[in-house]
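The values are calculated or read from the model by the stated rules, or taken from the named source; none is laboratory data. Quantities reported herein were computed from a predicted structural model and do not represent experimental measurements. Here the Cβ positions follow ideal geometry from the backbone for every residue, glycine too, while neighbour counts run over all protein chains shown.
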Amino acid sequence: MNNLLIRSVNLNKNFGKIRALRQVSFSVKKGTITAFLGENGAGKTTTIKILLGFLKPDSGQVEINCSKLGYIPDRPLFFSWLKGKEILHFTAKLFGINGQRLASLIEEKSAKVGFDSELLERRVQTYSLGNQKKMSYLQNLIVTPELLIVDEPFAGLDPVSIKLVRDLFLDLKKEGKTLFLSSHLISELEKICDEVVIIRKGQILLEDNIETLRRQGHVDLETLFLSFLHQPLI
Amino acid sequence: MFAKTRFKVNFLLIQKKVFRSTGLCFLSLVPGLVVFYVLLADSLAMAINFFLFLFPYTFLFLSGDMMKDEIESGVLENIMFLQGEYRAYLLQKILALTILALLPSAAIFSMLVMAGLLKGNFSWIYLLQFLAGLVVGIYYVTLGSWLSFYFRGGSNVLIIIMAQIMAILSLFFSLQKKIGFLDYLEKGHFPNLLYKIKFIIFTLALPNVLIARKFFPYLFVLVMATGFFLFRQWRRIKNLELKKQ
């Protein structure tokens, strides 16, 4: 377990008659970038929400082996009555970051995600979708989490920002951080990920290392992913 | 992360919400404005009586828009509330709102007390009545927040106000009898168990009447009801899952 930051064992989750997750088991190694792939409704967000404690599994176990966890949702939402700087201020307060350190972190991290820090004077609900996503990145980055879970990391971002975020992920990996990324943009993830987990209709179909897959003759992740969609489920 | 820091941040978050809501601020100021008007138009004693009857409404008004909207909107799916911390936030909201309502109420009461002491017409019973009002206020916050699990922003408060209007109307209907509920209410004595139960139900809808000294013994009903609503909310929050609508 020392090398594993996430260990999910036989997770099951039903929403009424809908079986959202079936015996979902996988693990995430420390210092890696894991791509969590699946179609719409495959169970990616449900799995993530269980990992983060927003949902309770009907059965199964989750072990998170880190003290500082970060999360960027698909479409981040913020308290409508708060300005950007207030959100960062409250987050910093919660994680014991003082004012001076916060100011330098905001300057440094804003540049990393291409966020215009002048926006911080405005209420976050007035931001565009892309800027709300960047705001969520900024909020997480000031905390410097050991494990960052991102649902649709590139949703709402323009191509320049996508490149910045991709570089950011690689920088974080260099710093020894672990990333768990759930996305539909397989080609973007393929450029940076080390591990891949594929989920379909609530079942894990594949959990492997990207290099191992390449050595096995799989040309690209997208073709591999699509090939799984035609396989019958057990 | 310490529990103390968590509460401090949650308190500040809720404080910002209250201060940024114009409607909420205005409604919460209404009891204070009424008291000020009575003070100018009538006497200090009357103003204190008005204040003691009205100030628990500050607690009620602040309890609007407590739970449902935030739970269902997705705003709690944030790094600040990971790994079950949103539960602490929701539970601490009840305490934070109580403090936020208590602060201006205590400030106005202190001013009235000082004025009363200076004029020489202050009675210590006012202090007990203020504490009784505080029990009523805490009851309002717990009832309002419990209702806000089922009703969207503000509707929970409206439901309580409607129940109070119905309770007052029922008093008027009792006037048709030779000796009705209103007469017993005025005397502060109820002839049998049925009337006592009726009064208890009446106080659950309009608890402000318990600020009258003669009804102090019935405050235990409110304390029990507060405990019940708190327990129900604790159970609900403990098992709560965030499912964005």
Got a number for residues in the range B:196-245 being in contact with a Leu (Cβ under 8 Å, 6 or more places away or on another chain) and within 14 Å of chain A (Cβ to nearest Cβ)?
5
Within the set of pairs 6 or more residues apart or between chains, which connect a residue that is within 11 Å of another protein chain (Cβ to nearest Cβ) and at positive phi inside the range B:60-77 to a residue that is charged (D, E, K, R) and in a loop (DSSP other than H, G, I, E, B) with Cβ atoms less than 7 Å apart?
B:Gly74/B:Lys244
Residues of the range B:78-111 being small (Gly, Ala, Ser), more than 8 Å from chain A (Cβ to nearest Cβ) and free of Cβ contacts under 8 Å to residues at least 40 places away in the same chain, which ones?
B:Ala106, B:Ala107, B:Ser110
Before we move on, is B:Phe50 away from chain A (no Cβ under 14 Å) and either hydrophobic (A, V, I, L, M, F, W, C) or more than 30 Å from A:Lys85 (Cα to Cα) (or both)?
yes
Output the residue which, of all residues in the range B:11-39 that are under 25 Å from A:Phe78 (Cβ atoms), more than 9 Å from chain A (Cβ to nearest Cβ) and modelled with pLDDT of 90 or more, is surrounded by the most Cβ atoms within 10 Å (Cβ to Cβ).
B:Ile14
Quick check: anything in the range B:150-159 within 14 Å of chain A (Cβ to nearest Cβ) and at pLDDT below 90?
yes
Out of the strands (runs of 3 or more DSSP E) lying entirely within the range A:30-77, which hold 3 or more residues that are over 13 Å from A:Lys13 (Cβ atoms) and more than 10 Å from every other protein chain (Cβ to nearest Cβ)?
A:33-38
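Residues are listed down the side, and each one gets a yes or a no for (1) loosely packed, with under 12 Cβ neighbours inside 10 Å; (2) in contact (Cβ under 8 Å) with a residue 12 or more places away in the chain:
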| position | (1), (2) |
| --- | --- |
| B:Gln129 | no, yes |
| B:Tyr140 | no, yes |
| B:Leu143 | no, yes |
| B:Trp146 | no, yes |
| B:Ile159 | no, yes |
| B:Phe172 | yes, no |
| B:Phe181 | no, yes |
| B:Phe190 | no, no |
Restricting attention to the range B:103-114, the residues that are buried (at least 17 other Cβ atoms within 10 Å of the Cβ) and within 19 Å of the chain's Cα centre (by Cα) number exactly 3
Where in the range B:115-226 are there helices (runs of 4 or more DSSP H), lying fully within it, with 1 or more residues that are under 18 Å from the mean Cα position of the chain (by Cα)?
B:125-147, B:155-174, B:193-205
Give me the residue from the range A:78-111 that is farther than 17 Å from B:Leu13 by Cβ and of a type in the set (Asp, Glu) and, out of that set, nearest to the other protein chains (Cβ to nearest Cβ).
A:Glu108
Keeping to the range A:78-105, report how many residues are touching a residue at least 12 places away in the same chain (Cβ under 8 Å) and part of a helix (DSSP H, G or I).
9
